[in-house]
Amino acid sequence: MRIGVFGGTFDPLHLAHLRVAEEVAEKQRLDKVLFIPAARPPHRRAPQASPQDRLAMVRLGVAGNLKFEVSDCEIKRPGISYTVDTLAALKQRHPRDRFFLLMGMDQLLELHAWHDVPRLLKLCRVVAFSRPGQPLPQPGSVLGPDGKPLPARAFTLQSVSALEISATLIRRRAQRRESLKYLLPEPVIRYLQKHQLYQS
Ligand code: ATP
């Protein structure tokens, strides 16, 4: 099987996450996409919502798409959520499957600072997609941990529909009690309103 691994803080999950995963799955012929909310991401400040709330919102958001699944492995694992550990565990459990690590351009450009990149690149192929304001770079300008360009065979660049939605925008709108309609799935809107997330 060809399995997409889509990590993120998902604070909260929104429609751009879902649309991007759908387009990458189609183009890269993935059999499924595993959404993995990070518990404690290493490169950014702590998410606002709890891991349990973010996991619940991802579950609500992917429901109904047969190719999409959710894993709580990073939330259950103690310590910082290193992607390389997640991929190593997945590969150990499913040695015959091929893994594709999905990430937006913002993350690809930071990849050189990730934990154990050489091992990470042995475990998966990176599929990096465009994001509004962050078009696809020239392949030679994506650097590895040694400061040299990453070899082209390590990653694929894919252009996806430009949806100018971010979790930051949603948190800001929720705090101001502004409409969230059509920015994230209705069940996720209901959840975050019921639990009064992002209101302070
Ligand atoms: P925040 O605004 O809190 O930084 P976010 O919207 O970027 O959050 P994350 O959970 O950090 O969401 O993102 C998970 C992945 O989804 C990242 O690889 C990010 O690049 C990608 N992503 C998020 N929003 C978009 C978007 N609108 N278009 C393309 N990729 C996106």
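The values are calculated or read from the model by the stated rules, or taken from the named source; none is laboratory data. Here the structure is a predicted model, which means the values were calculated and not measured. Cβ placement follows ideal geometry from the backbone for every residue including glycine, while neighbour counts extend to all protein chains displayed.
Given the condition surrounded by fewer than 14 Cβ atoms within 10 Å (Cβ to Cβ) and not in a helix (DSSP H, G or I), answer yes or no: does some residue in the range 69-80 qualify?
The initial filter retains those residues of the range 69-80 that are surrounded by fewer than 14 Cβ atoms within 10 Å (Cβ to Cβ), namely 76, 78-79.
Adding the requirement that they be not in a helix (DSSP H, G or I) leaves 78-79.
There is at least one residue in the range 69-80 that is surrounded by fewer than 14 Cβ atoms within 10 Å (Cβ to Cβ) and not in a helix (DSSP H, G or I).
When you go through 38, 21, 16 one by one, which is the residue that is modelled with pLDDT under 95 and under 13 Å from the mean Cα position of the chain (by Cα)? Write out each step before concluding.
Numbers: 21 fails: modelled with pLDDT under 95; 16 fails: modelled with pLDDT under 95.
Step by step, each of 38, 21, 16 is checked, and only 38 is modelled with pLDDT under 95 and under 13 Å from the mean Cα position of the chain (by Cα).
Checking 90, 66, 102 one by one, the residue that is under 23 Å from residue 2 (Cβ atoms), loosely packed, with under 14 Cβ neighbours inside 10 Å and of a type outside the set (S, T, N, Q) is 66 and no other.
Residue check: is residue 195 closer than 26 Å to residue 56 by Cα and away from the ligand (no atom under 13 Å from the Cβ)?
Working: closer than 26 Å to residue 56 by Cα: yes; away from the ligand (no atom under 13 Å from the Cβ): yes.
Taking the combined requirement at face value, the residue satisfies it.
Here is the figure for the range 138-169: residues that are closer than 25 Å to residue 10 by Cβ, part of a loop (DSSP other than H, G, I, E, B) and not acidic (Asp, Glu) total 8. Under the condition of being near the ligand (Cβ under 10 Å from one of its atoms), within 21 Å of residue 93 (Cβ to Cβ) and either outside any strand (DSSP E or B) or hydrophobic (A, V, I, L, M, F, W, C) (or both), the residues counted in the range 1-10 number 1.
Condition first: away from the ligand (no atom under 16 Å from the Cβ) and either among the aliphatic types (A, V, I, L, M) or within 19 Å of residue 150 (Cβ to Cβ) (or both). Now tell me which residues in the range 85-116 satisfy that. Full working, then the answer.
Residues of the range 85-116 that are away from the ligand (no atom under 16 Å from the Cβ), as a first pass: 85, 88-98, 115-116.
Across the range 85-116, the qualifying residues are 88, 89, 90, 98, 115, 116.
Taking residue 97 as the residue in question, decide whether it is among the charged types (D, E, K, R), buried (at least 18 other Cβ atoms within 10 Å of the Cβ) and closer than 27 Å to residue 153 by Cβ. So residue 97 fails the test.
Please verify whether residue 13 is touching a residue at least 60 places away in the same chain (Cβ under 8 Å), closer than 14 Å to residue 68 by Cβ and near the ligand (Cβ under 8 Å from one of its atoms), treating the condition exactly as stated. Yes, satisfied. Picking from residues in the range 22-40 that are acidic (Asp, Glu) and touching a residue at least 40 places away in the same chain (Cβ under 8 Å), the one that is nearest to the ligand (Cβ to nearest atom) is 23. For the range 144-182, filtered to residues that are surrounded by 15 or more Cβ atoms within 10 Å (Cβ to Cβ) and more than 16 Å from the ligand (Cβ to nearest atom), the residue that is nearest to residue 121 (Cα to Cα) is 154.
Candidates 19, 59: the one that is within 12 Å of the ligand (Cβ to nearest atom), of a type in the set (Lys, Arg) and in a helix (DSSP H, G or I) is 19.
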